[in-house]
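Visitor: Supplied in structure tokens, the structure appears directly below.
The values are calculated or read from the model by the stated rules, or taken from the named source; none is laboratory data. Being a predicted model, the structure only gives us computed values, none of them experimental. Cβ coordinates were reconstructed from backbone atoms using ideal geometry, including for glycine residues, and neighbour counts include every protein chain displayed. Each accessible area value is taken on the protein alone, full model and side chains, heavy atoms only, with ligands, DNA and RNA left out. Shrake-Rupley method; radii C 1.70, N 1.55, O 1.52, S 1.80 Å.
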Amino acid sequence: MSWKLMPLTGWKPVPPVHCAKVQSMDSRFRVALWAAVALPVLASGSAASGKGIDLEDRYARIQIDGQGFITSLTSRGRVREYCPKGHPSPVMSLSAAGREVDPVRAESVGHGKIRLSYPNGSAAIVKASAEDRYFRFQLLSLSNRAKVDSIVWGPVHTTISRTIGDLIGVVRDGSWAIGMLGLNDNTIAGPPVDGDCYGMGYIIHSPDPKKYPVPPPYKEGQRFNIGGNGVSDVAFYSHPEEYFQMIFGTGAKLEPAFGSTLAYHARDRRKPYTYLFSLLPGFPGSRPRHQISDPVDADYLGSAVALYACPDAEGLSTIGAIQVAEHLPHPMFDGKWVRDPSLLKPDIAWYGPHDRMIEYARALGLKSVQDEGQGEYYANPADLWLGPRVGFSDGRKLSYKEFLDQAPDIQYGLHTLCLFLQPGRCTDVTPNASPDLQTVLRTKLANDISATDTRLAVTDPSFLGEDGTWPMRDGSNTLRIGTELLTYTSIVKNELQGVKRGYDGTTAQAHRAGDELDKLQMNCYNGFVPDMRLIPAYADYYAKAMAENGMGYIDFDGLESTLYQNQGYYGVRVFFRRLFDTYAKLSGGKCPRVMGSCVFAGGWDYMSVCNVGGGNNMFDPIFNRWGIEGKDVRYGFSDSYFPPTFGIQDFHSNWTVYDVENLQAKAIGWGATYMLGLSQNVVEKSGEKDAIFKAFRIWGDARESGVFSPAVKNELADLTKKFHLEPTGPRSYRLVPITEVRLSGRAGAPFELVNAGADQPLKFSLRIVDAANGLVVSLPGGVTIDCRARADAGDYVMCDGHHAFLADANRREIADLLMSLPVRIPHGKAGISVGLAGSGSTGGRFDLTVWLAGKPQTIEAPK
């Protein structure tokens, strides 16, 4: 594993400013003054084309007119126009006080540079070039910039609308992909919005209008709230319909009138901004609240983007090529880029004693383990996770380092709450509140107070009357003055009401008029978060804790805490860049495997996986069906070339081999990952453990060897089938489709099976619902299975065609059963009946599962 990363430069905090009254914001509008201005030929990478220029790379050609608009974007070779008629795209627009301003004139100034002029008097020098696989644009200078808050690359309009990758800004139609990529940390996906990041929601958009038509009264492009109660993660996902797709970012947007829009922007972060924003819009407990961003030293000068247009199959590799060419973050594992699909495989979520954790991981062929059983770790600079913490069944404990020294091949890590700084758990909160906890606003104390005074007046009461900060749901309001925390319930004029001093274990102190009083941003667990000055220190803290403990994996639950600084995805990037850079320095150039609670535009480059959620909310491998959350995440991630997930799939002791084979097959079919939840207590109860582990490993090895073609993956994604895989050579396999028939019945009532495949051994399991003192199963060909032992509720009768036995609820064999002959099921119809002794007149119930094999095929890895 290695880490390619240019050092973070040009960033430092700027002293905070005090709260000021919000200025009224005019509604957004676009200024477009069209003039026929000829644009001379650029110095390189272009050719004259009438009044504009052409830029050409390996895959595509763009034309820019004399007003600074992209008027044509075509594929090379088989030419197709992707610029919608009547919707040209500005190369770069400006955002000033909420108004978007387009260029009105463009002219060459030599050496590949374009001067863009705007109706507000600003003029920009943009360097434009055609690289091998992308077009590069960079802002070199901007005049008359005092009132320009942000610059916007584009918005670029396209005719593509099938797949909207809003997370990173890419649109695809199955054959072609068009996207943008920011080339520095302050160039962020999407246009400028309050909070600089998306607000969760649904949009109406069918991924396949023929298969999933949008019914009235819905219309393409409509936006809806995410639903649920806004508290439970699962409750966010409320629409099972395929045409309800969750919004995961703002880098791309559906435009039903013509296709889609792509945009990136860079903000002048050296000045404060007042936002009215909520990450969870539409919920009474998370209403938008005003918050004022503290300035940091990050400007839009130097902002650059890559605009790429290429075959869809080349989209992901094109992004990788851009990262390498531009010296962007490009994490490598075993010589492969983190986004390389061949690296995709499950992780382990471990619970309980650790006696067999390493053994299981190696048997399954898995190398990454997240220790869920250790609980949620909250950030605390005083705790580097040292000492004996890894427990065993006999009561022994080892340190993480001692334990992991036994398994250098395993990437192991913990479940953390990212930047959630909790009272009593973090030295930056108690006993002395840090000056670098994130603020919502800043004001000043209007009067001297003693350590016991509860009558506090402020010089500027702006927004202090709003209930809490937006993640809160209980009306809490916390202020910091010096190192003391205090709470209040409301404000009348400029005097705080219901004041409680010395909150959360801090010490109440005397303060003077004019001392700064800060309202703090709070997380959803009644704690706090670091500001932009403190974020790098917490990135260093995590990197050091991981390196000292020999860890190569970390899970950042609560990753949204990198958005609480009012800097949007820029905060995410600062955190991840510093984490990876520091970890590389401490580990000899390695990079960590990172998971999180969500993928943000600033984290796509860094994160290995995002195995959020779990169980049937994501995907049910037993009954072959998607949960709502799984459906939403599948579209939201994969549309932006990020692997979807099945979340945590806990191993069940009554799983069959076909269940786990289906889990692996569907993950491969959908290009998904997941965490296999394991504990030795559950695994060792399984009667089919050895067979399950063996089958799991076979699928994993086959996935890693690349034997599954796109056509085969489409077959594996079929929710009507399961599959069985057998190795036939070093890099070849026999793939067998399995039809799983599930029936419920009562004793004495015969029923009929239909085998559409060839004559084959009859494989089934019969689960006893009502206990019986014996049973007889009558099978095709006059074969009988006779059980004279008691069968308790939940027990199974198992048969593979040659051998039958009674098993407990975990499929562990209790006793061999008498079977008159080996049993086969012929092609066509066949009858089965079950007789249960002593089950009573209302009993005799059972559940039958039969596995019927279809026509096999041989699959091989490419030579």
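Visitor: Within the stretch 294-310, identify whether any single residue is of a type in the set (Gly, Ala, Ser) and open to solvent by 50 Å² or more (accessible area, probe 1.4 Å), and answer yes or no.
Guide: No, every residue in the stretch 294-310 fails to be of a type in the set (Gly, Ala, Ser) and open to solvent by 50 Å² or more (accessible area, probe 1.4 Å).
Visitor: Right, another one. Looking at ALA379, ALA361 in this structure, which one is of a type in the set (Gly, Ala, Ser), open to solvent by less than 10 Å² (accessible area, probe 1.4 Å) and under 26 Å from GLY706 (Cα atoms)?
Guide: None of the other options fit; the residue is ALA361.
Residues checked against (1) under 19 Å from GLY687 (Cβ atoms); (2) not β-branched (Val, Ile, Thr):
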| residue | (1), (2) |
| --- | --- |
| SER765 | yes, yes |
| LEU779 | no, yes |
| GLY794 | yes, yes |
| ASN810 | yes, yes |
| SER820 | no, yes |
| ILE825 | no, no |
| ARG845 | no, yes |
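Visitor: Of the conditions (1) open to solvent by less than 50 Å² (accessible area, probe 1.4 Å); (2) under 43 Å from the mean Cα position of the chain (by Cα); (3) under 21 Å from ALA665 (Cβ atoms), ARG734 fails just one. Which one is it?
Guide: Going through (1) open to solvent by less than 50 Å² (accessible area, probe 1.4 Å); (2) under 43 Å from the mean Cα position of the chain (by Cα); (3) under 21 Å from ALA665 (Cβ atoms) one by one, ARG734 breaks only (1).
Visitor: Test each condition in (1) without any contact (Cβ under 8 Å) to a residue 40 or more places away in the chain; (2) within 30 Å of GLY282 (Cβ to Cβ); (3) touching a helix residue (DSSP H, G or I) at 6+ places or on another chain (Cβ under 9 Å) for TRP470 and report the one that comes out false.
Guide: Evaluating TRP470 over (1) without any contact (Cβ under 8 Å) to a residue 40 or more places away in the chain; (2) within 30 Å of GLY282 (Cβ to Cβ); (3) touching a helix residue (DSSP H, G or I) at 6+ places or on another chain (Cβ under 9 Å) leaves (1) as the failure.
Visitor: While we're on this one: In the list GLY221, GLY199, GLY302, which residue meets the criterion of being in contact (Cβ under 8 Å) with a residue 12 or more places away in the chain, of a type outside the set (A, V, I, L, M, F, W, C) and within 24 Å of GLY174 (Cα to Cα)?
Guide: Working: GLY199 fails: within 24 Å of GLY174 (Cα to Cα); GLY302 fails: within 24 Å of GLY174 (Cα to Cα).
Step by step, each of GLY221, GLY199, GLY302 is checked, and only GLY221 is in contact (Cβ under 8 Å) with a residue 12 or more places away in the chain, of a type outside the set (A, V, I, L, M, F, W, C) and within 24 Å of GLY174 (Cα to Cα).
Visitor: Ok, one more. Please determine, by comparing only the residues of the stretch 249-277 that are open to solvent by 10 Å² or more (accessible area, probe 1.4 Å) and at pLDDT below 95, which one is farthest from GLU560 (Cα to Cα).
Guide: Step by step, filter the stretch 249-277, then rank; the result is LYS271.
Visitor: What single numbered condition from (1) more than 20 Å from TYR198 (Cβ to Cβ); (2) of a type in the set (Gly, Ala, Ser); (3) open to solvent by less than 10 Å² (accessible area, probe 1.4 Å) fails to hold for SER317?
Guide: Going through (1) more than 20 Å from TYR198 (Cβ to Cβ); (2) of a type in the set (Gly, Ala, Ser); (3) open to solvent by less than 10 Å² (accessible area, probe 1.4 Å) one by one, SER317 breaks only (3).
Visitor: crowded, with 22+ Cβ neighbours inside 10 Å and not β-branched (Val, Ile, Thr): which single residue out of ALA539, ALA513 fits that description?
Guide: ALA539
Visitor: If you go through the stretch 660-668 one residue at a time, do you hit one that is under 26 Å from LEU806 (Cβ atoms) and in contact with a Leu (Cβ under 7 Å, 6 or more places away or on another chain)? Don't jump to the end; show me each part of the working.
Guide: Filtering the stretch 660-668 for residues under 26 Å from LEU806 (Cβ atoms) gives 660-662.
From the residues that got through so far, the ones that are in contact with a Leu (Cβ under 7 Å, 6 or more places away or on another chain) too are 661.
The answer is yes; a qualifying residue exists.
Visitor: With respect to LEU116, is the statement that it is modelled with pLDDT of 95 or more, open to solvent by less than 10 Å² (accessible area, probe 1.4 Å), within 30 Å of LEU276 (Cβ to Cβ) and in contact with a Lys or Arg (Cβ under 9 Å, 6 or more places away or on another chain) true?
Guide: Criteria not met by LEU116.
Visitor: Which one of these is part of a loop (DSSP other than H, G, I, E, B) and out of contact with any Leu (no Cβ under 6 Å at 6 or more places or on another chain): LEU276, LEU280, LEU316, LEU307?
Guide: Result of the check over LEU276, LEU280, LEU316, LEU307: LEU280.
Visitor: Can you pull out every residue in the stretch 324-339 that is at pLDDT 95 or above and part of a loop (DSSP other than H, G, I, E, B)?
Guide: Once the filter is applied, which keeps residues that are at pLDDT 95 or above and part of a loop (DSSP other than H, G, I, E, B), the stretch 324-339 yields GLU326, HIS327, LEU328, PRO329, HIS330, PRO331, VAL338, ARG339.
Visitor: With a cut-off of at least 3 residues that are at pLDDT 95 or above, among the polar types (S, T, N, Q) and touching an Asp or Glu at 6+ places or on another chain (Cβ under 9 Å), name the strands (runs of 3 or more DSSP E) lying wholly within the stretch 141-198.
Guide: Counting at least 3 such residues, we get no strands (runs of 3 or more DSSP E) at all.
Visitor: Moving on. Among the listed residues GLU661, GLU688, which satisfies the condition of being among the acidic types (Asp, Glu), over 12 Å from the mean Cα position of the chain (by Cα) and open to solvent by less than 10 Å² (accessible area, probe 1.4 Å)? If you could, list the steps in order and put the result at the bottom.
Guide: Working: GLU688 fails: open to solvent by less than 10 Å² (accessible area, probe 1.4 Å).
The match here is GLU661.
Visitor: While we're here: Those residues that are of a type in the set (A, V, I, L, M, F, W, C), outside any loop (DSSP other than H, G, I, E, B) and surrounded by 14 or more Cβ atoms within 10 Å (Cβ to Cβ), I need them from the stretch 810-835; list them, please.
Guide: Matches in the stretch 810-835: ILE814, MET819, ILE825, ALA830, ILE832, VAL834.
Visitor: How many residues are touching a helix residue (DSSP H, G or I) at 6+ places or on another chain (Cβ under 6 Å), crowded, with 23+ Cβ neighbours inside 10 Å and not hydroxyl-bearing (Ser, Thr, Tyr) when one looks only at the stretch 568-584?
Guide: Going through the stretch 568-584 one residue at a time, the tally reaches 6.
Visitor: Go through the stretch 122-140 and count every residue that is in a loop (DSSP other than H, G, I, E, B) and buried (at least 20 other Cβ atoms within 10 Å of the Cβ). Show your work before the answer.
Guide: Step one: filter the stretch 122-140 for residues in a loop (DSSP other than H, G, I, E, B), giving 122, 131-134.
Pick out the ones that are also buried (at least 20 other Cβ atoms within 10 Å of the Cβ) and you get 122, 133-134.
Residues flagged as in a loop (DSSP other than H, G, I, E, B) and buried (at least 20 other Cβ atoms within 10 Å of the Cβ) within the stretch 122-140 amount to 3.
Visitor: Run LYS444 past the list (1) of a type outside the set (Gly, Ala, Ser); (2) outside any strand (DSSP E or B); (3) more than 24 Å from LYS345 (Cα to Cα); (4) modelled with pLDDT of 95 or more and report the number of the one that doesn't hold.
Guide: Status for LYS444: all satisfied but (2).
Visitor: With the requirement that a residue be outside any strand (DSSP E or B) and either surrounded by 20 or more Cβ atoms within 10 Å (Cβ to Cβ) or among the aliphatic types (A, V, I, L, M) (or both), what does the stretch 755-809 give you?
Guide: ALA756, ALA758, LEU762, VAL769, ALA771, LEU779, VAL783, ALA789, ALA793, ASP795, ALA809, listed by residue number.
Visitor: Same structure, new question: Out of all the residues in the stretch 542-563, is one or more touching an Asp or Glu at 6+ places or on another chain (Cβ under 6 Å), in contact (Cβ under 8 Å) with a residue 60 or more places away in the chain and over 18 Å from GLN370 (Cβ atoms)?
Guide: no
Visitor: Checking the conditions here, which among LEU456, LEU520, LEU485 is in contact (Cβ under 8 Å) with a residue 24 or more places away in the chain and more than 40 Å from the chain's Cα centre (by Cα)?
Guide: Details: LEU520 fails: more than 40 Å from the chain's Cα centre (by Cα); LEU485 fails: more than 40 Å from the chain's Cα centre (by Cα).
Exactly one of LEU456, LEU520, LEU485 is in contact (Cβ under 8 Å) with a residue 24 or more places away in the chain and more than 40 Å from the chain's Cα centre (by Cα), namely LEU456.
Visitor: Any residue at all in the stretch 191-199 that's open to solvent by 50 Å² or more (accessible area, probe 1.4 Å) and within 30 Å of ALA298 (Cα to Cα)?
Guide: yes
Visitor: Pick out the one residue from PRO644, PRO710 that is surrounded by fewer than 18 Cβ atoms within 10 Å (Cβ to Cβ), out of contact with any strand residue (DSSP E or B) (no Cβ under 6 Å at 6 or more places or on another chain) and closer than 30 Å to LEU181 by Cα.
Guide: PRO710
Visitor: Now a separate question. Here is a list: VAL823, VAL797. Which entry is of a type in the set (Val, Ile, Thr) and closer than 16 Å to GLY745 by Cα?
Guide: VAL797
Visitor: So how many residues does the stretch 394-411 have that are open to solvent by less than 80 Å² (accessible area, probe 1.4 Å), in contact (Cβ under 8 Å) with a residue 40 or more places away in the chain and part of a loop (DSSP other than H, G, I, E, B)?
Guide: 3
Visitor: State all residues of the stretch 79-103 that are surrounded by 18 or more Cβ atoms within 10 Å (Cβ to Cβ), of a type in the set (A, V, I, L, M) and under 16 Å from GLN63 (Cα atoms); if no residue qualifies, say none.
Guide: Of everything in the stretch 79-103, those that are surrounded by 18 or more Cβ atoms within 10 Å (Cβ to Cβ), of a type in the set (A, V, I, L, M) and under 16 Å from GLN63 (Cα atoms) turn out to be VAL91, MET92.
Visitor: Considering only residues that are open to solvent by 10 Å² or more (accessible area, probe 1.4 Å) and within 18 Å of the chain's Cα centre (by Cα), look in the stretch 585-600 and name the one that is nearest to MET551 (Cα to Cα).
Guide: ARG593
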